[in-house]
1. Looking at R19, R73, R35, which one is farther than 25 Å from L169 by Cα and basic (K, R)?
2. Please state which of the following conditions E185 fails to meet, knowing it meets all the rest: (1) under 21 Å from F292 (Cα atoms); (2) touching a helix residue (DSSP H, G or I) at 6+ places or on another chain (Cβ under 6 Å); (3) open to solvent by 50 Å² or more (accessible area, probe 1.4 Å).
3. Looking only at region 218-234, decide whether some residue is crowded, with 19+ Cβ neighbours inside 10 Å, touching an Asp or Glu at 6+ places or on another chain (Cβ under 6 Å) and not in a loop (DSSP other than H, G, I, E, B).
4. Looking at region 263-278 only, could you name the residues that are outside any helix (DSSP H, G or I) and more than 25 Å from M338 (Cα to Cα)?
5. So if I check each of Q124, Q70, which one is polar (S, T, N, Q), open to solvent by 20 Å² or more (accessible area, probe 1.4 Å), under 18 Å from D43 (Cα atoms) and not in a helix (DSSP H, G or I)?
6. Which of the following residues is farther than 19 Å from F220 by Cβ and open to solvent by 50 Å² or more (accessible area, probe 1.4 Å): P329, P340?
7. Note down all Cβ pairs under 8 Å where the first residue falls in region 125-144 and is within 16 Å of G179 (Cα to Cα), the second is in a loop (DSSP other than H, G, I, E, B) and of a type in the set (S, T, Y), and they're at least six residues apart or on different chains.
Amino acid sequence: MQFGIFTVGDITTDPTTGRTPTEHERIKAMVTIARKVEEVGLDVFATGEHHNPPFVPSSPTTLLGYIAAQTERIVLSTATTLITTNDPVKIAEDYAMLQHLAEGRVDLMLGRGNTGPVYPWFGQDIRQGIPLALEHYALLRRLWREDSVDWSGQFRTPLQGFQSTPRPLDGVPPFVWHGSIRTPEIAEQAAFYGDGLFSNHIFWPASHTAKMVGYYRQRFEHYGHGTAAQAIVGLGGQVFMRKNSQDAVNEFRPYFNNAPVYGHGPSLEEFTEQTPLTVGSPQEIIDRTLGFRDYVGDYQRQLWLMDHAGLPLKVVLEQLDLLGEEVVPVLRAEFAKMRPATVPDAPTHASLTAAAEAQAIAETVLKSSPAGAPGLAASNPKGA
């Protein structure tokens, strides 16, 4: 199971000091956080994509490419890449390039975003959001898997004999997670292709998330990619912790009360009861996170939002120390003990490459089998 951090790159005033970081400070802080993610032993750093204030990560591949040069182990991902307003040709080429530079340590999460005006900014119609997501991703898959693509569709000019460059590293495209909070069509899309579903349920009750993930698992099995329990699921979450639970609550409360995404609505206590937000001691974080399994089943990736609400960088780095030293080692052990052997790990470039090589060998053996011989397919009908 993978554990990591995602950032939305917001610029929010610290309510305890009144200070607002500059864009430059915020961008550099995200790089520092990514390096810290690797230092404390986490697995994934993911950045959002936004094109409007108060957010700064408008170019995920630039940020992740810079981070790739300063890290060696962590997976670099997005949260999310806008499949609706980005040209799939540009996505195919940008992320294949990043994949090469990062030696395969790249996957991406695709989503429709949460800012309606982004559609006309990039020449699209928000009323076509779901058809855009479906058509653009169908083309993206072909661009990564076919050397020459002939294509025509509704939302961009046709392609004739087009080859995106560079080709994916080792001929294996980055793994794709489809980010969906409330849209069954996107869960259906993830299931149809056998991709991952990332449910960033930071503002939603467990009952809603359970229904969305359950639907995706059912459809994943329906399309023949494995059992429902073998579907690839990721979850979002947000935490704030101190050694002492009450210290965590007292310190985080002014940030919660004033943050644009939290404040002026339910109280901190109400919000933590109704959503995955957890504020307390490391043990409380452990217990709450282990509880996610009760309503989504065994899953493969847990990402937390920690650099938000105006929290200063120093505090975020302290949070990451606690996460790496006291929380994640326990979660790794406990989730591993509970997970059946039939449930797959999170996909990586290495595992996807090995699977592609095994499939190529199997196909070669099948083609070379004498006519009339049962061959590999007959002796092993499920490809196990």
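1. On the way: R73 fails: farther than 25 Å from L169 by Cα; R35 fails: farther than 25 Å from L169 by Cα.
It is R19.
2. All conditions pass for E185, except number (1).
3. Yes, region 218-234 has at least one match.
4. G263, H264, G265, P266, S267
5. Step by step, each of Q124, Q70 is checked, and only Q70 is polar (S, T, N, Q), open to solvent by 20 Å² or more (accessible area, probe 1.4 Å), under 18 Å from D43 (Cα atoms) and not in a helix (DSSP H, G or I).
6. One residue alone meets the criteria, P329.
7. Every condition considered, the pairs that remain are G129/T84; I130/T183; L132/T84; L132/T85; A133/T84; H136/T84.
For (1) within 30 Å of N257 (Cβ to Cβ); (2) touching a residue at least 12 places away in the same chain (Cβ under 8 Å); (3) open to solvent by 20 Å² or more (accessible area, probe 1.4 Å), each residue gets a yes or a no:
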| site | (1), (2), (3) |
| --- | --- |
| M1 | no, yes, yes |
| L42 | yes, yes, no |
| P54 | yes, yes, yes |
| K90 | no, no, yes |
| E93 | no, yes, yes |
| A102 | no, yes, no |
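The values are calculated or read from the model by the stated rules, or taken from the named source; none is laboratory data. If you're wondering where the values come from, they're calculated on a predicted model, not measured in any experiment. Cβ: placed from backbone, ideal geometry, glycine included. Neighbour counts: every protein chain shown. We work out accessible area using only protein heavy atoms, side chains counted, and drop any ligands, DNA or RNA first. Shrake-Rupley method; radii C 1.70, N 1.55, O 1.52, S 1.80 Å.
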